[in-house]
1. Could you tell me which residue of the range 146-179 is nearest to the chain's Cα centre (by Cα), considering only residues that are exposed (fewer than 15 other Cβ atoms within 10 Å of the Cβ) and outside any helix (DSSP H, G or I)?
2. Please enumerate the residues belonging to the range 180-193 that are modelled with pLDDT of 75 or more and surrounded by 14 or more Cβ atoms within 10 Å (Cβ to Cβ).
3. For residues that are among the basic types (Lys, Arg) and within 16 Å of Ile143 (Cα to Cα), scanning just the range 24-69, find the one that is farthest from the chain's Cα centre (by Cα).
4. Out of Val39, Val69, report the one residue that is in contact (Cβ under 8 Å) with a residue 24 or more places away in the chain, in a helix (DSSP H, G or I) and closer than 21 Å to Arg95 by Cβ.
Amino acid sequence: MNKDFTKFSNNELLKFIIKKDKRANLAFSEFYDRHQKDVRTYCKYLLESNSFLEDIFQETFFDFYKNIVNNNEVPENAVGYLLRIARYKCLKYNRDKKVNVSFDDISFDKESNDGLKYEDEELLELIKKSLVLIDEQYREVFILKEFNGYTHEKIAEIIGITVANSKIRLFRANKELNKILEPYIKDIKKNYE
């Protein structure tokens, strides 16, 4: 009796886990498959160093699982709750480690760059590398909006701020990035004119 778990909503999947159903492992695997890319991307760009990315990523899902089983209830917004756990873990790691990052330590997925012209790809890499230089609260909103594609309403819910504050933080993130990248953008334009 193996059901296709792709047809279930997030809440239905998590109810299998809370009820300790014999299909709980399959249900959690489906939930993990659905959301692992967003969580990994979020952690990757929020962390000041990628050296513990996989540890924090795995701990996020472990803590999520443990919390819903211990609390014996499905969170109202399971994905938001999952990302709040990731956020807490990343911010705690950054605060505890106070690492200095060299740009050589940062790696990025090439799959998202397919179809870009060389100068666009170069600019995208500069933006990604510049993220570690902007204020953490602005970086977080920028990542959720630009890399994960969340709306300001969803971002506000995940972080626990207002929609207006989310928009302000994104504006400030763009402003900081423009300031950092201004010399590079001028140089790129000069080289490709």
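The values are calculated or read from the model by the stated rules, or taken from the named source; none is laboratory data. In this text the structure is predicted, and so the values were computed from the model without any measurement. For neighbour counting, all protein chains shown are included, and Cβ atoms are generated from backbone atoms with ideal geometry for every residue, glycine included.
1. Top of the filtered list is Gly149.
2. Those that are modelled with pLDDT of 75 or more and surrounded by 14 or more Cβ atoms within 10 Å (Cβ to Cβ): Ile180, Leu181.
3. Residue satisfying both the conditions and the ranking: Lys37.
4. Val39
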